[in-house]
Each structure stands twice: as structure tokens, then as C-alpha cells.
Amino acid sequence: MKKLIRIMSIFFLIVAIVAIGLRWLESQNQQASILEAQQRFRQDYDSNELGSEETSTVLTDLSGISKSAPEILPEIANLQSVNPQVTGWIQIPGTPVDYPVVQAHDNAFYLDHDWQAEKNRAGAIFMDYRNDVNALTLPATHTILYGHHMRDGSMFQSLTAYKDPLFLQDHPVIHITDLHETHRFEIFSVYVTTTDFYYIETHFEDRPTFEAFINVLQEKSKHSFAHSITGEEALLTLSTCTYEYDDARLVVHARYLETLPRKGS
């Protein structure tokens, strides 16, 4: 019996070591994948480096006149060459949040796939499948980004720091790059909730309904803000898990401020 116990103990020890090793290897793969994305996003681009056939499309307006759509940014096109489902980039200055944004046909795929669509438990930062990346700054729109709370500090783990008002004071702005431009959003609400509160609504019947939704978001905030939000603004929501209680979510809401000029423009 003692011999059997020793054998079983050794077996479970080996299994645990293998599991830890596989998790470490997966974490290393994730870090390498994110580094590659950051290098691709911040690569220096020649204005003629990407052909117009790759970065623009032709639209026809109501008058029947054809015109070119805005070109996709070369840094986004470079990421799309790896995964066509890349829709942009998120960065919160002064924090580890500096990642590509992807979008699938549901809100499940990128829970356990990285930005390259490779299997990884850390997942990716992804946009709600119901959102339109081209409507990010339009009035009365609500765009939602999701990300895991990873113990190694990656993905949206650092959002939990927004429970501290001093951290919020130092990091009030979120930068979102879509297919064509980079935009600044200012945080106006932070709170912890369960999924019983449906903060991920993307469709509103009318402007009063949207304004009522905004009022609820402001009332739930654990911090006070001087600025007021109107029904004319575009909203951005970041959502991640947190562990105050079962099924808890840390939610950060921000409003559209401005679109940043391109370098050299």
C-alpha cells in the first residue's frame, strides 16, 4: 500500500509539473504574440508601402457617383495580413493595456483564441460582434470591448486599478484606433457589477432610452465626475472579470472626446 501511495504521489506530481509547464509555455507564446502585434502596429511605414487595392474600396453614393472609401491605416492592414478579423488597437497610456482589437461573429471565439486566432486561454481583446467598427464615434452609439483578467497582469487585468480614484486621475483617457483613425475617449463611470445588470446593450429604440441608459451608468459609478454626458455622445465600454464575488465584472465606461490628427498631417 505504501508503495502504491508513493507511485500515485509521483504520478500526480508529474502531472502537476507538466500542467505548470504547459501553462508557462502558453504564457510565453501569448507574450511573443503580443510583442509581434506591437511591432507590426508601430512599424515605420512608407506612404506607398501598401497598395491602394489592399487598403481602400470603392463606394457609390446616392447620386451614383463612385468615390474611394478612406484607406485602412497601414498599421492595421499589417495586422490584418495575419488575421483579417483585426478591427483596431486599444491603448491606455501609462498602463499595460496596449493590444490589437479583434471581432468575430460571436462573443465566444476570442475568449480562448489570441489575436492571431490561435488557441490560447488568455484570449484577446475583442469587440462585441454586434458593434460596427466604422460607427465607433457616431452619436448615440455604444461600443463594447472585452478582455480577460489574467493573473500575469496582461489583457484587461490592470483595469481593476480603476477602483482607486488616484489611478483614475492619472489615467483618465483611452486611445482607440479603428480602421482609419485614432480617437480619444474619457472615462466617466467605473463600477463592479454582476451580469444581472445588462450594461452591454448596443441597440436603443430612441434618444430618451439612450439617455436613460447613460444616467444609470453614471449613477452606478463608484467615483464622482465633474463632466456630464449627453445623448449625443458615443460611448465606449471595457469589461473584464473581477473577483469580489461570484460572476463579478469590472466595467469602465468612456465618452468620445476627439479624433487625433495623423503624424505629419
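Coordinate-derived values only; no laboratory data. Note that the coordinates shown come from a computational prediction; the quantities given were computed from them, not determined experimentally. Every residue, glycine as well, gets a Cβ built from its backbone with ideal geometry; the counts of neighbours run over all protein chains shown.
A few remarks follow.
- Global size of region 119-164: 13.2, 37 Å for Rg and Dmax (C-alpha atoms, Rg to one decimal, Dmax whole).
- Value of Rg/Rh across region 109-215 [Cα atoms, Kirkwood radius]: 0.96
- Under 5 Å from the amide H of A248 lie the amide H atoms of T242, each residue being 5 or more positions distant or on a separate chain, with H modelled from the backbone and absent for Pro and chain starts.
- Once the mean of 1/r is taken over each pair of separate Cα atoms and inverted, region 146-265 shows a Kirkwood hydrodynamic radius of 15.4 Å.
- For region 193-265, GluC sites (Glu not before Pro) meeting the loop criterion (DSSP other than H, G, I, E, B) and having at most 15 other Cβ atoms within 10 Å: E201, E205, E232, E244.
- Note: relative contact order over region 118-229, using C-alpha pairs below 8 Å and six or more positions apart, is 21 percent.
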